[in-house]
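This report concerns only the one structure given below.
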Amino acid sequence: MKTAFLTDKGQKRPHNEDQGFCREEEDKALAVVCDGMGGHNAGDVASLMAAETVEAAWNDPGEVDPVQHAATWLTEVIAAANHRIYEKANEVSAYRGMGTTLISAVADQEKVVIGHVGDSRAYHYHQEGLTQVSRDQSLVNELVDQGEISEAEAEVHPRKNVLTQALGTETTVTPEVVEAAWAPGDLVLLCSDGLTDKVADESIHDMLTRHPLSEAARTLIDAANEAGGDDNITVALIQYPAVETAER
């Protein structure tokens, strides 16, 4: 497995509330992206706590193997992160109301398993194109599901960034966990909405096609900044290298 990670505060925000990382080994990998809730207290604290919780569990998995039982592991580690953040927010008055999204992918040579809360996204880049494999946990997606607005209307809705779930704001969360098969040459992209609010899926696909892994994260972030960079931008990539080459 090959990975790449990059985060940037963008052009408008005074500091970066995004957090994340990638960890790679020969036959498995982990990627995490967390987007601290803008407009709330200590979003950067919440996102850091979430990322640290996942990293600690990866380094010391305990009873549940993070690769063999990825869906269970992701569900448990997301619940643990939510509990830590919620407890801290209630202990420290300055942190009340803090929250964060979390999206994480565990990959081996057979599959990728993705768990998330919030509206940070996961995409699968494959031979047929680029597929969004997560679904935003947001107000506008609920409206789309109910048939009240179209997907096109959702993209420009004034309440587009209102989340229906985030880590740390309630005692419990219900993460979405999805599994996708993949093949040599495929990529998984995790990103905060600082990318997807500014760069269309078609452009993301084009950049992943034209650039090797070592350049792709920087290219995506530069595109979001060139489009205005209104928010923090974070990109994490996991690649299943093609047999004939170590990198596209």
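When region 180-210 is filtered for residues that are open to solvent by less than 20 Å² (accessible area, probe 1.4 Å), outside any strand (DSSP E or B) and not polar (S, T, N, Q), the ones remaining, listed by number, are Gly185, Asp186, Asp193, Gly194, Leu195, Val199, Ile204, Leu208.
Screening Trp73 with (1) among the aromatic types (Phe, Trp, Tyr); (2) assigned to a helix (DSSP H, G or I); (3) open to solvent by 50 Å² or more (accessible area, probe 1.4 Å) gives one miss only, at (3).
Residue under question is Asp18, and the condition is that it be farther than 16 Å from Ile238 by Cα, of a type outside the set (A, V, I, L, M) and crowded, with 19+ Cβ neighbours inside 10 Å; does it hold? Answer is yes for this residue. Flag: Asp201 does not match the condition of being in contact with an Asp or Glu (Cβ under 8 Å, 6 or more places away or on another chain) and among the charged types (D, E, K, R).
I'm checking my understanding of the structure. Among residues of region 21-60 that are under 18 Å from Ala216 (Cβ atoms) and out of contact with any helix residue (DSSP H, G or I) (no Cβ under 7 Å at 6 or more places or on another chain), which one is surrounded by the fewest Cβ atoms within 10 Å (Cβ to Cβ)? Selected residue: Glu24. Filtered by the rule that a residue be open to solvent by 60 Å² or more (accessible area, probe 1.4 Å) and either closer than 20 Å to Gln19 by Cα or polar (S, T, N, Q) (or both), region 223-233 gives a lone residue, Asp230. Restricting attention to region 109-128, the residues being open to solvent by 10 Å² or more (accessible area, probe 1.4 Å) and either within 11 Å of Glu179 (Cα to Cα) or assigned to a strand (DSSP E or B) (or both) number 6.
A quick yes/no check of all residues on (1) touching a Leu at 6+ places or on another chain (Cβ under 7 Å); (2) basic (Lys, Arg); (3) under 27 Å from Thr171 (Cβ atoms):
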| position | (1), (2), (3) |
| --- | --- |
| Asn59 | no, no, yes |
| Val64 | no, no, yes |
| Ala81 | yes, no, yes |
| Glu91 | no, no, yes |
| Tyr95 | no, no, yes |
| Ile114 | no, no, yes |
| Gln132 | no, no, no |
| Gln146 | no, no, yes |
| Glu155 | no, no, no |
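The values are calculated or read from the model by the stated rules, or taken from the named source; none is laboratory data. All figures in this text were calculated on a predicted structure; none of them were measured in a lab. No Cβ is skipped: glycine too gets one built from the backbone with ideal geometry, and neighbour counts run over all protein chains shown. Heavy atoms of the whole protein, side chains included, go into the accessibility calculation; ligands, DNA and RNA do not. Shrake-Rupley method; radii C 1.70, N 1.55, O 1.52, S 1.80 Å.
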